[in-house]
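See below for the structure under consideration.
The values are calculated or read from the model by the stated rules, or taken from the named source; none is laboratory data. These numbers were taken from a predicted model, which means no experiment stands behind them. Ideal geometry is used to build each Cβ from the backbone, glycine not excepted, and the neighbour counts take in all protein chains shown.
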Amino acid sequence: MCRLFETIHLNDGAFRNLNYHQVRIEKSVFELFGVLPAWSIHDIVRQFKYPKTGLYKVRVIYNSKEVLRIEFLLYQPRHIESLKVIEANIDYAHKYADREALTSLFEQRDNCDEILIVKDGFITDSSIANLVFKKNKEWFTPTTFLLNGTMRAHLLNTGKIKLAEIRVEDLSKYESCKTINAMLGFDSPEIPIHAIR
């Protein structure tokens, strides 16, 4: 059976963006299995004795019927200073537990820290995060994302970032970019555009 997962930010006992995770879980289960989950992520995470201090990555693995496992992992962000452009015809519309295709692309990064995945000439995501690009003090995220991340959805809904169609040849119009995901908020470090190779 297809397994999915969510990665949830837990800092000093407070979970971040649980409502966004619930929306994505319901959307994925319905689109893949034609049903709605019989459980809520709010109830699931609170059933466990979780750490009240420190920054944790909470990994919730589930299928159409149940939560299979939940893990609380101390979080240390990866240091990303450069991105390698990789062209790929990949589908990752849901947060599948099987990340073999993304891992295979990541292994092609050469001496860069992370990859920037291009599909049909359009910028999508990195292997672990959505991307945002800065131009004239405004931030834009590609309309051609692979996975609609919870932090991306939150930043769009709060007006902190805007949508833009971004092709590879458009990168030079931007000054810098950031990787954003459930663990990396909008305060993640900027990466200069010239560090995209």
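Could you check the range 73-89 and list, in sequence order, the residues that are of a type outside the set (Val, Ile, Thr) and not in a loop (DSSP other than H, G, I, E, B)? Within the range 73-89, Leu73, Leu74, Leu83, Lys84, Glu87 meet the criteria.
Mind listing whichever residues of the range 113-143 are assigned to a loop (DSSP other than H, G, I, E, B) and crowded, with 19+ Cβ neighbours inside 10 Å? Selection gives Thr124, Asp125, Ser126, Ser127, Ala129.
No other residue among Tyr50, Tyr92, Tyr56 is assigned to a loop (DSSP other than H, G, I, E, B), in contact with a Phe, Trp or Tyr (Cβ under 7 Å, 6 or more places away or on another chain) and either at pLDDT 95 or above or within 19 Å of Met183 (Cβ to Cβ) (or both) apart from Tyr50.
Per the conditions (1) within 15 Å of Pro77 (Cα to Cα); (2) surrounded by 15 or more Cβ atoms within 10 Å (Cβ to Cβ); (3) not hydrophobic (A, V, I, L, M, F, W, C), the sole criterion not satisfied by Asp170 is (1). Assessment of the range 95-104 against the conditions (small (Gly, Ala, Ser), free of Cβ contacts under 8 Å to residues at least 60 places away in the same chain and touching a helix residue (DSSP H, G or I) at 6+ places or on another chain (Cβ under 9 Å)) yields no matching residue.
When the range 169-197 is filtered for residues that are hydrophobic (A, V, I, L, M, F, W, C), more than 20 Å from the chain's Cα centre (by Cα) and within 15 Å of Thr124 (Cα to Cα), only Leu171 remains.
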